[in-house]
Amino acid sequence: MKLFSDEDLVGLYGSSIFQAIPEEKYCHVFACLKADKAAFEEGSILYGPGSSKKYAGILLDGIMEECLYDEEGNQVTLMRLQKGDVFGAECSCSAELFSQVYLRALTKCRIMTLDFSALLSEKTLTCPYRLQITANLLQEFAEQVTFLTMRIHILSQKRLRDKLKLYLGSLNRSEDGYAHIPLSRTALSEFLYADRSAVSRELSRMKAEGMIELYRNHVRIIEKNFH
């Protein structure tokens, strides 16, 4: 009986860890990184600051978030994870590094657990895809650092409008100039570390001033010197 179903594998097709690795060779990766799977109910905390359990791997299904709390107990959302996203690799690769954030299941979730520390062991030298996995993981780290740098840039802004401008300007736009905001207003306010009502009001002002076109979660930047 195989451990991973065809439904499980769907969550891997867009994952950065499996880039440039043929699907029929995934079994080598599973063996190299001691793949297993686990399921979590909505609201479950997979780990938090100082946790001894180091879950790491790929989200197969569901939505999770990484967050922390300020001194007043307010949640600061760092990133939201969806199918195919990698999590926990940085702590898995170091025996002395503990998580500084909470990882929470926002919905029912299924994950593929992977032991990324195995890449540092001589036992995986014979794995034919060890170098490709390592290269993919480094690329993943680089993208996460870039994303978190952008978050720091946004959160360092004093004005809510400047936070919104930086965030909206970072979204990928289609050929017609529209971008999809992947967050609800509540999630966006948590991402910007701002009040939800204030975020909605500021978006409405920016629309009224002709800076943006906004329809639900689709936005187009009109102002030429937006940044």
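The values are calculated or read from the model by the stated rules, or taken from the named source; none is laboratory data. Note that this is a predicted model, so its numbers are computed, not measured. FYI the Cβ positions are ideal-geometry reconstructions off the backbone, even for glycines, and counts take in every protein chain you see.
For every residue, the table says whether it meets (1) at pLDDT below 95; (2) farther than 30 Å from Arg196 by Cα.
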| residue | (1), (2) |
| --- | --- |
| Leu46 | yes, no |
| Tyr69 | yes, no |
| Gln75 | yes, no |
| Ala105 | no, no |
| Cys109 | no, no |
| Leu119 | yes, yes |
When you scan the range 181-227, how many residues do you find that are of a type in the set (Ser, Thr, Tyr) and in a loop (DSSP other than H, G, I, E, B)?
2
List pairs: first in the range 141-170 and touching a residue at least 40 places away in the same chain (Cβ under 8 Å), second of a type in the set (S, T, N, Q), Cβ under 8 Å, 6+ apart or cross-chain?
Glu143/Ser16; Leu166/Gln157
If you take the residues in the range 38-60 that are in contact with a helix residue (DSSP H, G or I) (Cβ under 7 Å, 6 or more places away or on another chain) and in a strand (DSSP E or B), which one is surrounded by the fewest Cβ atoms within 10 Å (Cβ to Cβ)?
Leu60
Kindly establish whether Arg173 is closer than 24 Å to Leu81 by Cα and surrounded by fewer than 18 Cβ atoms within 10 Å (Cβ to Cβ).
yes
Pick out the one residue from Gln139, Gln144, Gln157 that is surrounded by 14 or more Cβ atoms within 10 Å (Cβ to Cβ) and either of a type in the set (Phe, Trp, Tyr) or under 15 Å from the mean Cα position of the chain (by Cα) (or both).
Gln144
Screening Ile63, Ile133 for residues that are more than 22 Å from Glu190 (Cβ to Cβ) and either touching a residue at least 60 places away in the same chain (Cβ under 8 Å) or touching a Lys or Arg at 6+ places or on another chain (Cβ under 9 Å) (or both) leaves only Ile133
Quickly run through the range 16-52 and pick out the residues that are out of contact with any strand residue (DSSP E or B) (no Cβ under 6 Å at 6 or more places or on another chain) and basic (Lys, Arg).
Lys25, Lys34
Residues that are in the same structural domain as Lys54 (by TED's automatic domain parsing) and of a type in the set (S, T, N, Q): which strands (runs of 3 or more DSSP E) entirely in the range 71-165 hold 1 or more of them?
75-81, 109-113
